[in-house]
Amino acid sequence: MLMKTCVCSTKNIELVKSLGADKVVDYTKEDFAETGNEYDIIFDTVGKSSFASCKKALKSRGKYVTTVLTLRVAFLSLLTGYVSKRKVISGMSLNKTEALNCIRKMIEEGKLKPIIDRQYPLEELAAAHEYVEKGHKIGNVVITVSH
């Protein structure tokens with residue numbers, strides 16, 4: 001059985017449970033990587049961790065996946081493929097059409113529930129960016145474009 005552990009702040013615990021988390025770790029109270037638990041996959045969706053900080057929490061053939069592609073992540077993706085059973089993978093999709101079709105299908109089937117935190121008109125793009133950069137958004141921030 002696949003066990004889904006999610007890491008979030010106290011205020012988001014109920015949200016991630018409603019999205020299907022089996023276990024929730026409140027990062028304001030403990031570091032998931034220091035709990036002694038080991039994971040097959042650690043998926044950092046917001047770029048707040050690193051392979052180095054998560055390595056001890058990965059199983060021997062575990063994978064660290066991040067959506068934030070940096071030179072360090074690219075280098076580690078290549079390096080870990082040769083020198084370690086643990087792997088670093090960037091979650092960036094190369095085939096955008098295929099990825100968007102997959103996401104559309106999951107939404108239509110009710111398997112993916114988008115969470116919208118805030119919406120900003122295009123004219124307030126700078127404010128939207130500032131809000132996201134604070135690192136405390138819950139879900140996605142949408143920019144609306146009108147004609």
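The values are calculated or read from the model by the stated rules, or taken from the named source; none is laboratory data. Everything numeric here is computed off the predicted structure, so don't read it as measured data. Note that each Cβ is placed from the backbone with ideal geometry, even for glycine, and that neighbours are counted across all protein chains shown. Just the protein is used for accessible areas: all its heavy atoms, side chains included, with ligands, DNA and RNA removed. Shrake-Rupley method; radii C 1.70, N 1.55, O 1.52, S 1.80 Å.
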Which of Ile107, Ile41, Ile89 fluctuates most in a GNM of the chain (C-alpha springs under 10 Å)? That residue is Ile107
Carbon plus sulfur, as percent of the 1.4 Å-probe accessible area of the chain, comes to 58
The percentage of Cα-Cα pairs in region 15-147 separated by more than 25 Å is 41
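Expressed as a whole percent, how much of the Cα-Cα distance distribution for region 95-147 exceeds 12 Å?
When every Cα pair of region 95-147 is considered, 70 percent fall beyond 12 Å.
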Taking a straight Cα-to-Cα line shorter than 16 Å from Lys87, and setting aside same-chain lysines fewer than 8 residues away, one finds Lys55, Lys56, Lys59, Lys63
For Val25, other-chain or 5+-apart residues with amide H closer than 5 Å (H placed, Pro excluded) are Cys6, Val7, Cys8
For region 65-137, averaging the sequence separation of alpha carbon pairs under 8 Å that lie six or more residues apart and dividing by its residue count, the contact order in percent is 21
Counting only backbone N atoms under 19 Å from a point 7 Å out along Cα-to-Cβ of Lys11, the residues of region 105-129 in range are 115-120, 127-129
If amide H atoms are modeled at 1.01 Å from N in the peptide plane, then the residues at a separation of 5 or more from Leu58, or on another chain, having amide H under 5 Å from its own are Tyr39
